[in-house]
Amino acid sequence: MTIASDDPRVAAAAAPPPAPPPGPPVRRRRRLTRNRWGYAYVAPFFVLFACFSLYPFLYTAWISLHEVRLSDIDGAEFVGLGNYTALLQNEFFWNAARNTLTIGVLSTVPQLAMALGLAHLLNYKLRGRTFYRVAMLMPYATSIAAATLVFAQLFGHDYGLINTLLEAVGFDRVDWESGTWTSQFAISVIVTWRWTGYNALIYLAAMQAIPGDLYEAATLDGASRWQQFLHVTIPALKPTILFTIVVSTIGAVQLFGEPLLFSGNGMTSGGVSNQYQTLGLLMYDQGWTNFHLGQAAATAWAMFLIILVVVGGYALLARRRARAER
């Protein structure tokens, strides 16, 4: 027979000892269980990435080392770097590279400049700012095919609205599609119209993250709005500007839809004299018009290497500027 005691020391002595903490094997099993759920959640992404990105990437590299025709894929013949050697000696490749560079410069420079100006205007307290922001995204949401076909009609030689306006002010009609510079300028206008609003919203989001104290200090120092834009806004936007330049450069190298549909017939030659054939059109023409998959794969890898060089150059330039500012 036990006698109850109110003494806490007696109660503590009579209580059973606490259970020992779980050892390392138990903790490891719990951690593995949690990790399995995490792996299960992210597994679909990696499966899709491996199927639709990694495998085509590696298979294209393998194809580029073989002489393969679309009609006889199983009869591939290993040629090593022969496709790359032939590509460097191909005048159509260098013509497409020049066209891609020209269209890229004509579309990227004014596109980003106008986007920066629009973002600066929308950063002020204006009436209907939400409407303007939504309106700027409308070109980006428009189908590439629809936008290109509409602009092709606007740049038409006989009944195009642009030539009609040129005649109204005393200029002659321009054959926008047949000329080298005119066709490339017209395609650049399409690209600029479609992506300006998208980049403007990126710049606007970056501008709104700039501390207001910087503008207040500049105002107290007597800086005008233009001076604040040059000496406060632009320096703070350097990382964002670099990002948009890189993304626009990648898009310029991969340009395909606009030059394909500009002529209205869907031909991959890029005009009668290849005057606006880009690298993307050349790759498609080699693979699905001439059935030379090996050459098309080599062109695709050449585009990838060009993007790597350009992005690496931008990254190196940004790193040097950051070190100089320190």
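Observations on the structure shown:
- Thr130-Tyr159 FRET efficiency (beta carbon distance; Förster radius 41 Å; 0.05 resolution): 0.65
- Degrees, to the nearest 10: 129-141 long Cα axis against longest axis of the chain: 70 degrees
- Cα long-axis angle, helix 91-122 against the chain (0 to 90 degrees, to the nearest 10): 60 degrees
- Listed values for region 210-223 are Karplus-derived 3J(HN,Hα) couplings in whole Hz (6.51 cos²θ - 1.76 cosθ + 1.60, θ = phi - 60°), namely 6, x, x, 4, 5, 5, 5, 5, 5, 5, 5, 7, x, 6, and x replaces Gly and Pro.
- Segment Ser71-Val247, extension gain: residue separation times 0.36 nm, minus the distance between their alpha carbons: 59.8 nm
- The slack in the chain from Phe52 to Asn90, taken as 0.36 nm per residue of separation less the alpha-carbon distance, amounts to 10.7 nm.
- On Cα atoms only, tilt of 24-49 relative to the major axis of the chain in degrees: 20 degrees
- With protein chains left intact and a 1.4 Å probe, residues in region 161-316 average 49 Å² of accessible area per residue.
- Apportionment of accessible area to carbon and sulfur, region 85-325, percent (1.4 Å): 66 percent
- FRET efficiency for Ile144 and Met114, using Cβ-Cβ distance with R0 set to 25 Å, rounded to 0.05: 0.80
- Probe 1.4 Å, accessible area per residue of region 44-95, Å²: 72 Å²
- Candidates Pro110, Pro56, Pro44, ranked by Gaussian network fluctuation over the chain, Cα under 10 Å, top entry: Pro44
- For the options Leu255, Leu161, Leu214, a Gaussian network treatment of the chain with springs between C-alpha atoms closer than 10 Å singles out Leu214 as fluctuating the most.
- Taking amide H positions as modeled 1.01 Å from N, with prolines and chain starts lacking one, the residues under 5 Å from Glu67 and 5 or more places away or on another chain are Glu77, Phe78, Val79.
The values are calculated or read from the model by the stated rules, or taken from the named source; none is laboratory data. All of these numbers come straight from a predicted model, not from anything done at the bench. Reconstructed Cβ throughout: ideal geometry from the backbone, glycine too, with neighbour counts over all protein chains shown. Keep in mind that these areas ignore ligands, DNA and RNA; they rest on the heavy atoms of the full protein, side chains included. Shrake-Rupley method; radii C 1.70, N 1.55, O 1.52, S 1.80 Å.
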